[in-house]
Each structure stands twice: as C-alpha cells, then as structure tokens.
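The structure appears right after this line, and notes come after that.
The values are calculated or read from the model by the stated rules, or taken from the named source; none is laboratory data. Note that the structure is predicted; figures quoted are calculated from it, not measured. As a convention, Cβ positions derive from the backbone with ideal geometry for all residues, glycine included, and neighbour counts pool all protein chains shown. Quick note on the areas: whole protein, heavy atoms, side chains included, nothing else; ligands and nucleic acids left out. Shrake-Rupley method; radii C 1.70, N 1.55, O 1.52, S 1.80 Å.
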Amino acid sequence: MQIYDVTDERFRVYGRVVKNIDFSSLVEELKKTPVPDGVVYEPKADAFMALPVADQIRRVFYGELPVQIGYCNGHNVLLNAVEYHRCSEVNVAATDAVLIVGRQQDVTENCTYDTAKMEAFLVPAGCAVELYATTLHYAPCHVKEGGFQVAVILQEGTNYPLNEPHDNGEDAILAAKNKWLIGHPEGGLPEGSFIGLYGKNLNITE
C-alpha cells in the first residue's frame, strides 16, 4: 500500500499538521504508556490532563470547549473499520505511525463505503495532526516492531458508552458518544457492530 507523508498535498483534504502548540511534554508522558501486542484505547489519561499543554489545547485548539486527552497504543497493520466524529480529532505521535484515512463525503446513503477510496499517511514521531470531522479513520498502524504510541485528543465525552438507543440510517451506526462506526466483515469487531465497508481490508504492509 502506498504510504504518503502528512506533509504531502494529498493530506490537505483530511487534515493538517498542528504547528502552533508545543506537544513535547505530552509526547514525553505518552512514552510512559503501555504498548500491548494488540491495540488499547484509553479516552482520557489523568497524567495527560494534568499537563499545562492540556489547557492550551482547550483554549487555543478547541476554542475553550472541554477536551479529553487519551491514547491509542499497540500493534496493528490493518484497517478493520472506520469511524468519524462531529469534531476534529488531534493525534500526537510519540512513535512513527501510519493513519489510513478517507472522506465521509464518500459514504453512501446506506452507510456503506468502498475501502479502495482510502489513503495512508505516515505521522512521524513528535508530529501532531488534526483530522477533520469529515475524515474517516480508525486505529493507527505501527511502523516498527516496538508498536505505536499515539495521543488522541477529542471533545470531552467522545467514545464513551451511549445512554440511549439509536436506530435508522446514520443514527444506527452510532457506536459510542460522538462516534459513528462502519466495520469491515474481516475486522473482528464485537457482535452487533454495523458492517458496511466493502472491498479489501487494507493492510499497510501490502
């Protein structure tokens, strides 16, 4: 699979490199988090929230809206699913990582999506990127044997369990608060997940 750099012009439709915030303290704290053989996601880490940069992210990036700073770590080379939110997501890489991304505009009215439309981008260690709200994404992929460590910054409450039932159309694919999810048949998702991706389950090593 062709992998581009996030500085490539192709990335502009999906997001941008965040340059007006110094994330170095977050990167150092992120390096202390565990890297499992699979993938782990923690929506909010107290150690991250205690950093001075957390308030700067809230004020400068999210326009004074409350935020949560967590992480997604592990080993992965597959797409498996795509998700999107009603807000931008910031990913800060402590290790080199690859993001496979697409456009929500290409999702059909039936909430299906062709994986052939997706592209892969390398986020180098120390780099922070904004993924626009319309950007389809999922767990990062590792580049080196040691796995990946990526901080995940979102509006507070995102990815937590739902309180109400949801059905019909796009509402039916709401898998968690502020998280719309479309799975691949080969993605190994929990029973009951909406399966709407067709085409290859993308693998960055192929």
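Here is a yes/no grid of residues against (1) without any contact (Cβ under 8 Å) to a residue 12 or more places away in the chain; (2) farther than 22 Å from residue 62 by Cβ:
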site	(1), (2)
118	no, yes
124	no, yes
127	no, no
153	no, no
191	yes, yes
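Yes/no per residue for (1) among the β-branched types (Val, Ile, Thr); (2) free of Cβ contacts under 8 Å to residues at least 60 places away in the same chain; (3) open to solvent by less than 30 Å² (accessible area, probe 1.4 Å); (4) under 27 Å from residue 199 (Cα atoms):
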| position | (1), (2), (3), (4) |
| --- | --- |
| 60 | yes, yes, no, no |
| 64 | no, yes, no, no |
| 67 | yes, no, yes, no |
| 75 | no, no, no, yes |
| 79 | no, no, yes, yes |
| 86 | no, no, no, yes |
| 89 | no, no, yes, yes |
| 101 | yes, no, yes, yes |
| 105 | no, yes, no, yes |
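Take region 110-134 and flag every residue that is under 18 Å from residue 201 (Cα atoms) and assigned to a strand (DSSP E or B).
In the first step, residues of region 110-134 are kept if they are under 18 Å from residue 201 (Cα atoms); the result is 111-121.
Once the filter is applied, which keeps residues that are under 18 Å from residue 201 (Cα atoms) and assigned to a strand (DSSP E or B), region 110-134 yields 113, 114, 119, 120, 121.
From 9, 42, 29, which residue is touching a helix residue (DSSP H, G or I) at 6+ places or on another chain (Cβ under 7 Å) and either closer than 20 Å to residue 72 by Cα or without any contact (Cβ under 8 Å) to a residue 12 or more places away in the chain (or both)?
Details: 9 fails: touching a helix residue (DSSP H, G or I) at 6+ places or on another chain (Cβ under 7 Å); 42 fails: touching a helix residue (DSSP H, G or I) at 6+ places or on another chain (Cβ under 7 Å).
Residue meeting the stated conditions: 29.
Just give me the residues in region 163-185 being part of a loop (DSSP other than H, G, I, E, B), touching a strand residue (DSSP E or B) at 6+ places or on another chain (Cβ under 8 Å) and surrounded by 12 or more Cβ atoms within 10 Å (Cβ to Cβ), in sequence order.
Within region 163-185, 166, 178, 184 qualify.
Go through region 110-155 and report how many residues are in contact with a Ser or Thr (Cβ under 6 Å, 6 or more places away or on another chain) and either under 22 Å from residue 178 (Cβ atoms) or surrounded by fewer than 20 Cβ atoms within 10 Å (Cβ to Cβ) (or both). Steps first, answer last, please.
Pass one, region 110-155, residues in contact with a Ser or Thr (Cβ under 6 Å, 6 or more places away or on another chain): 125, 130, 132-133, 148-149.
Subset that is either under 22 Å from residue 178 (Cβ atoms) or surrounded by fewer than 20 Cβ atoms within 10 Å (Cβ to Cβ) (or both): 125, 130, 132-133.
Of the residues in region 110-155, 4 are in contact with a Ser or Thr (Cβ under 6 Å, 6 or more places away or on another chain) and either under 22 Å from residue 178 (Cβ atoms) or surrounded by fewer than 20 Cβ atoms within 10 Å (Cβ to Cβ) (or both).
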